[in-house]
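**Q** If you scroll down you'll find the structure; I have some questions about it.
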Amino acid sequence: MEGLFDQELIGMVRSRFPRAERDFNGRKRAFLDNGTGTLVVGRAAEEEARARVDHSANVSGIFDESRGADEVIHEGRAAVADLLNAPSPEDIVSGESATSLMFSLSYAIGKGLTGEKNVVATDYEHYANLSPWLELERRGLVEEVRLAGIKGDGALDLSHLGSLVDGKTCVVSASAASNVLGTKTDLKSVGRLAREAGAYFVVDAVHHIAHGPMDVQALDCDFLVFSGYKFFSPHGSFMYGRKECLEELKPYKVKPAPVHPPDSWEWGTRDQAKFAAIKGAVDHHVWLAEQVGGEFRGKFAGYRGRRKALKVALTAVEEYEKGVSRAMLEGVGGVPGLNQMPHVKVYGITDPGRVDERDPTFSFEVEGVPQDEVVRRLWIDHAIALRAEDFYSRVHDVYERPKLIRASFVQYNTLEEAEGLLRALAEKKV
């Protein structure tokens, strides 16, 4: 199915992103900083702008601008519910950022804890999914936060994680994929461990949300968080919460605020434009499904309407990106892959036969060249946009690397862009 994204379709996809076709110093730019934030699809930007002008009033009024705001919020919740295959739009909570939502969740869970329990997470988490739990430990509300290790090949050590979960585990929280290594987590296996322990199962889907379909019912998770700006939309984040969990937990809120979820979980005045924007990003994927849908005829029988369209579109994206990952690892256009360059050290899974286990996110170092200099030369000489940071990930603590260079690909990136990066690295033109 990688062939679904032929040159014509890639061109059509790129045309829907106003910033995808840009030049720098007379060169066609390759935007490979998607792990930090994707480009915004035109439909999302248009819907956001319309909401800011036409539906700018606060909710619950009887006049047009306010009624429009109510409608925009409802439609945005419904779009996110369909994206995640959540049972109801009322299971969707909005927030300023994934970090703020995770802290809100940890505070709510912490209200019922007295220090005997533990939390289990992993060594490749973003700190947005670590610091909220470590804060519970600091305050004495949990005994400890236990972290499952990373294997030598960059995969999560599931056996180690299983050994950490016990009868006192109250939360098991894991990323759907590492934002540094690109490694995907076997969430169903992690979820089973959480269920057996009677613990909340929390998924950080921020990095993975653009790379494949997510289904909270299939995962049987209690909470799942992602950010709009990692899904071709402006800033703003969303959390799925199992209905019973949203109702039984008591988040911090001001006294006059609503007492029933999802409103009780949302702090302050909501920005309805971000609901409009995320619906625009979802609409883009419905369009994408129309372009590739014939290849999936008869599949995904358990899905209907927009939910099926999103499953189709993101499955097609996932298959296309496997081809990009394979090209990055084994080479393309006569240029060797990352794992064939002795002067380049890649962190994470490097076996081209295991692209099913990773997102197209590649963190690396170039021997003898400072990371910031590599980034600068790739931009100035090759118009390749990426960066070197710690990316707020615990991976850098584990590997004792202050920063790594990261190239991250999404649906509008091309094999030609992958080849351009590989060629610059192979010819040591950095």
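Values quoted throughout were computed directly from the atomic coordinates according to the rules given, and no laboratory measurement underlies them. Quick caveat: nothing in here was measured; it's all calculated off a predicted structure. All Cβ positions, glycine included, derive from the backbone under ideal geometry; neighbour counts span all protein chains shown.
**Q** May I ask for the equivalent-ellipsoid semi-axes of the range 1-124, computed as the square root of five times each C-alpha gyration tensor eigenvalue and listed largest first in whole Å?
**A** On the way: eigenvalues 232, 143, 48 Å².
Value: 34, 27, 15 Å, ordered largest first.
**Q** Something else about it: Extending each Cα 7 Å along its Cβ direction at residue 300 and residue 54, get the distance between those two points in nm, one decimal.
**A** The answer from the label model is 2.7 nm.
**Q** On average, how much area does the Cα convex hull of the chain cover when viewed from any direction, in nm²?
**A** One quarter of the hull surface, i.e. the mean projection, equals 21.0 nm².
**Q** Which residue fluctuates the most in the chain, going by a Gaussian network model with Cα springs under 10 Å, if the choices are 274, 403, 345?
**A** 345
**Q** Among 346, 398, 119, which one moves the most in a GNM of the chain with springs linking Cα atoms closer than 10 Å?
**A** Per the Cα network of the chain with a 10 Å cutoff, 398 tops the list.
**Q** Which of 304, 77 has the fewest other C-beta atoms within 10 Å, and how do the rest follow up to the most?
**A** Lowest count first: 304, 77.
**Q** Between residue 247 and residue 427, take the C-beta separation as r, use R0 = 51 Å, and let me know the FRET efficiency to the nearest 0.05.
**A** Result of the calculation: an efficiency of 0.30.
**Q** Kindly put 230, 151 in sequence by how many other C-beta atoms sit within 10 Å of each C-beta, fewest to most.
**A** Ranking 230, 151 by Cβ neighbours within 10 Å, fewest first, gives 151, 230.
**Q** What's the magnitude of the charge dipole for the range 45-281 around its Cα centre, counting Lys and Arg as +1 and Asp and Glu as -1 at the beta-carbon? Answer in Debye, nearest 20.
**A** The calculation lands at about 380 debye.
**Q** Students often get this wrong, so check it: of 151/250; 28/299; 250/299; 117/311; 255/403; 253/279, which have C-alpha atoms separated by over 32 Å?
**A** Too far apart for the 32 Å limit: 151/250; 28/299; 250/299; 117/311; 255/403.
**Q** Here's something else I'd like to know. Starting from the Cα-Cα distance between residue 367 and residue 189, subtract it from 0.36 nm times their residue separation and give me the gain in nm to one decimal. Before the final figure, lay out each step's value.
**A** Details: separation 178, 0.36 × 178 = 64.08 nm, distance 3.72 nm.
Extra length available between residue 367 and residue 189 comes to 60.4 nm.
**Q** Report, in whole Å, the centroid distance computed from the Cα atoms of the range 353-430 and the range 148-197.
**A** Answer, in whole Å: 26.
**Q** A further question follows. Based only on other Cβ atoms within 10 Å, what is the fewest-to-most ordering of 221, 170, 245?
**A** Starting with the residue having the fewest Cβ neighbours, the order is 245, 170, 221.
**Q** Okay, moving on. From Cα coordinates alone, what are the radius of gyration and Dmax values for the range 151-253 in angstrom?
**A** Here Rg and the maximum Cα pair distance are 14.3, 44 Å.
**Q** Give a quick list of GluC sites (Glu not before Pro) in the range 316-410 that DSSP marks as loop, anything other than H, G, I, E or B, with at most 12 other Cβ atoms within 10 Å.
**A** Sites meeting the loop and neighbour criteria: 367, 400.
**Q** Still on this structure: Just how large is the dipole of the range 144-195 about the Cα centre, in debye to the nearest 20, putting +1 at every Lys and Arg Cβ and -1 at every Asp and Glu Cβ?
**A** Taking the Cα centre of the range 144-195 as origin, the dipole is about 200 debye.
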